[in-house]
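S.K.: Mind looking over this structure? Questions follow.
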Amino acid sequence: MLSGTLTLDAVEIFLPERETTVEERAEAFGLNAAQTHLFRSIHGLDTLRYDPDLSLYDLVLPPARKILADIDPGTVKYVVYPHAVPHAGPSTVDPVQEMLGMLGLEHATAFALTQQNCAGTVSAVDVAGRLLQADGDPDARALILTGEKIFTRDLQIIFNSCVIGEAAGACLLSWNGPGDPVRSFAVRTFGEYAAGVQMTGEQHRVAGADRPRVMGELIEEAVREAGITFDDVDVIIPTHPNRTFWGQIAEDLKWPSGKLFLDNLPRYSHCLTADLMVNYVTLREEGRLVPGRHYLFLATGIGSTFTAMVFTAAARDGGAGRSRTAVPAGTTTETEGR
């Protein structure tokens, strides 16, 4: 078993070129004016990416290919695909196994993670890290894939809270690698709320009332295990249910202004498991991931699952440290430093 630290060595994203507005999506689903007003003026949504002509593989594979272009694919021993929707493809197809062939990673062990919904990305990083540690090969790597196509109306607009957009992200992990050291992982799951969208009104009320306390305890565990305090966290990098959701939690927990990164919420809405990677890359490209400072991934999934992870931004040089964000028109944006 390896000693040392799990590291996030590369993160890439893909955003479909086709952009739409919350009003256009609301009209497509027959929402009334009050619901549309709620999404824009209360929940803070504006635009999102949505392209029905892209397949699941068109969405998910570009960022993974960007990462694999800079490394020896033979070193990737594990591929983990967390997804929020129960079925990422037809019942006769195993999407993650199909992706292995398309990426030239047939030698790797691959599987999907579900049941934690949008909180699953952080758990996938933890699971992949444990596999690498137990594997014992210091050169082994793991690849996390995110991105989903939503086929049903009920999952494209969730309650009166989320309008789902499309995005994908990939993350390369290693043990004691050159990237951002992962300092801690914490998770809370409340099985009594497993019905998710089918919970009763009373269950929603009780779960919502308890959410700030749960979030506070989760964050306290994550920062304590990382050997820091909450004040040491530069930015909280969240998933994107909506502005109202996070605004209430930030108010209840008395977070200082600017601690929570929500800039991408009006740009892309909620992109399920890809939110964290999209936010990470945005912060990186804006120069807001400062070497030596600490950051907190904070994710929530329907069914009351919450995950948190502290990492420290690493200094990156040119070449191996170059970051590239996949974009659909064949253009590559390159920045120095990650």
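Throughout, read-outs are computed from the coordinates displayed, never taken from laboratory work. Worth saying up front: this structure is predicted, and the values here are computed from it rather than measured. Here the Cβ positions follow ideal geometry from the backbone for every residue, glycine too, while neighbour counts run over all protein chains shown.
S.K.: Once both labels are modelled 7 Å past Cα along the beta-carbon direction, what's the THR109-LEU262 spacing in nm?
M.R.: Taking the simple label geometry, THR109 and LEU262 are separated by 4.1 nm.
S.K.: So between THR75 and ALA34, what do we pick up on full extension, going 0.36 nm a residue minus the alpha carbon distance?
M.R.: Extra length from THR75 to ALA34 when fully extended: 9.5 nm.
S.K.: Where the only charges are on Cβ atoms (+1 Lys, Arg; -1 Asp, Glu), what is the dipole of the chain about its Cα centre, to the nearest 20 debye?
M.R.: Rounded to the nearest 20 debye, it is 360 debye.
S.K.: For the charge dipole of the range 6-176, defined by +1 on Lys and Arg C-beta atoms and -1 on Asp and Glu C-beta atoms about the Cα centroid, which residue among SER174, PRO90, GLN35 has the Cα displaced farthest towards the positive pole?
M.R.: Most positive-ward Cα: GLN35.
S.K.: Separate question: Work out from phi, with θ = phi - 60° and the Karplus expression 6.51 cos²θ - 1.76 cosθ + 1.60, the ³J(HN,Hα) of each residue of the range 218-226, listed in order in whole Hz, and give x for Gly and Pro.
M.R.: Once rounded to whole Hz, the list reads 4, 5, 4, 5, 5, 6, 5, 5, 7.
S.K.: Given a Förster distance of 25 angstrom, what is the FRET efficiency for ARG213 paired with SER3, based on the Cβ-Cβ distance and rounded to 0.05?
M.R.: Taking R0 as 25 Å, the efficiency between ARG213 and SER3 is 0.10.
S.K.: Right, here's the next one. Once amide H atoms are built 1.01 Å from N in the peptide plane, which residues 5 or more positions from ALA110, or in another chain, come under 5 Å H to H?
M.R.: VAL79
S.K.: What value, in deg cm²/dmol to 500, does the helix sum -39500 (n - 2.57) over DSSP H runs of n ≥ 4 give at 222 nm once divided by the residues of the chain?
M.R.: Mean residue ellipticity, 222 nm, calculated: -9500 deg cm²/dmol.
S.K.: Starting with the highest mean, order 291-298, 305-312, 256-263, 221-228 by the number of other Cβ atoms within 10 Å, averaged over the residues of each peptide.
M.R.: Put in order of decreasing packing, that is 305-312, 291-298, 221-228, 256-263.
S.K.: Could I ask something else about it? About its Cα centre, how strong a charge dipole does the range 6-176 have in debye, to the nearest 20, once Lys and Arg get +1 and Asp and Glu get -1 at the Cβ?
M.R.: Magnitude of the dipole: close to 340 debye.
S.K.: When the label point is put 7 Å from the Cα of THR244 along its Cα-to-beta-carbon vector, which residues of the range 154-185 have a backbone N closer than 16 Å?
M.R.: So the set is 157-164.
S.K.: In whole Å, how far is the Cα centre of the range 107-130 from that of the range 255-301?
M.R.: 20 Å
S.K.: Same structure, new question: Can you find, among LEU253, GLY292, GLY74, the residue farthest towards the positive end of the dipole of the chain? Put +1 on the C-beta of Lys and Arg, -1 on that of Asp and Glu.
M.R.: Comparing the listed Cα positions along the dipole, LEU253 ranks first.
S.K.: Right, another one. May I ask you to compute the full-extension gain from ALA134 to PHE151, defined as 0.36 nm times their residue separation minus their alpha-carbon distance, rounded to one decimal in nm?
M.R.: 2.4 nm
S.K.: Another question, then. Let me know the Rg and Dmax you get for the chain when you use only its Cα atoms, in Å.
M.R.: Final numbers for Rg and Dmax: 18.9, 58 Å.
S.K.: Run the dipole for the range 180-314 about the Cα centre, Lys and Arg Cβ at +1, Asp and Glu Cβ at -1, nothing else charged, and hand back the magnitude in debye, nearest 20.
M.R.: The calculation lands at about 160 debye.
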